[in-house]
Amino acid sequence: MRSYRSNLSRSGGFTLLELMVSIVLVAMIVVVLAASMRAGHRSLEGGERKAEWMERLRVSIRLIDSQLQSCLPLTVKEEKDLKRSVFIGARDSMTFASNCSLFGGRKGYTIASYRIEKDEKGKLALYLKETTIGMENVKEAKLLNGFDDIRFEYLQSAKIKGLGGGGWSDELADTTHLPQKVKLHLEKGARKFSLTIPLRNRKPPGNDPDEESGT
């Protein structure tokens, strides 16, 4: 009778050791599942951030390309009736007149001013400030941020009178003509981008038609 009860007890339930082993196994499975879910969540967030970054980059590059393609060859009169192009180009800034606006589409002429600044983390950001010609409104937006390097380069023609050398430079030496092309360099970690934009209307109005070729 005693042996029968002992066998019945063992076959009808778990021992304390078996129960502890089961609890440990369940806990391990829960930990593994939680870790997998966290990793999946981080991967999803990382993918969303990357997609957002790529979309922001695509839109910003398209805007810069559109504004430069719509660049206007305007000049301003200085002392002694000398004329200077509105286009001012440097390594970390660029200003020009355009009929394409980030804020107003293609409504009216605007002065677009790009500048590159370093943030508190040492990363570079690209800003755009627009001023509508004939109006006092000024609008500004951050186009890109978190880059290790951002810089502009300008292709200048050596055939233009009074301009020596020509070729690519990070400083626009010619003050009377638009550059032939503008190049935007972007670097973020191992990723390097380079966008070259040709300018369509490079001749200021009223200039000698032979001045561009130097004849």
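Given the criteria more than 30 Å from Phe147 (Cα to Cα), assigned to a helix (DSSP H, G or I) and either in contact with a strand residue (DSSP E or B) (Cβ under 6 Å, 6 or more places away or on another chain) or at pLDDT below 80 (or both), does Glu45 qualify?
no
Considering every residue within segment 125-132, establish whether at least one is aliphatic (A, V, I, L, M), under 16 Å from Ala97 (Cβ atoms), surrounded by 13 or more Cβ atoms within 10 Å (Cβ to Cβ) and at pLDDT below 80.
Within segment 125-132 (the criterion being aliphatic (A, V, I, L, M), under 16 Å from Ala97 (Cβ atoms), surrounded by 13 or more Cβ atoms within 10 Å (Cβ to Cβ) and at pLDDT below 80), the answer is no, since none of the residues qualifies.
So the check is Cβ under 8 Å with 6+ separation or different chains; which pairs have a first residue in segment 140-157 that's without any contact (Cβ under 8 Å) to a residue 24 or more places away in the chain and a second one that's aliphatic (A, V, I, L, M) and surrounded by fewer than 17 Cβ atoms within 10 Å (Cβ to Cβ)?
Sorted first by the residue in segment 140-157, then by its partner, the pairs are Lys142/Ala125.
Would you point out the residue of segment 173-211, among those that are buried (at least 16 other Cβ atoms within 10 Å of the Cβ) and more than 30 Å from Met54 (Cα to Cα), that is modelled with the highest pLDDT?
Across segment 173-211, the extreme among qualifying residues is Leu178.
The values are calculated or read from the model by the stated rules, or taken from the named source; none is laboratory data. In this text, all values refer to a predicted model and were calculated from it rather than measured experimentally. Neighbour counts are summed over all protein chains in view; Cβ atoms, including those assigned to glycine, are modelled from backbone coordinates with ideal geometry.
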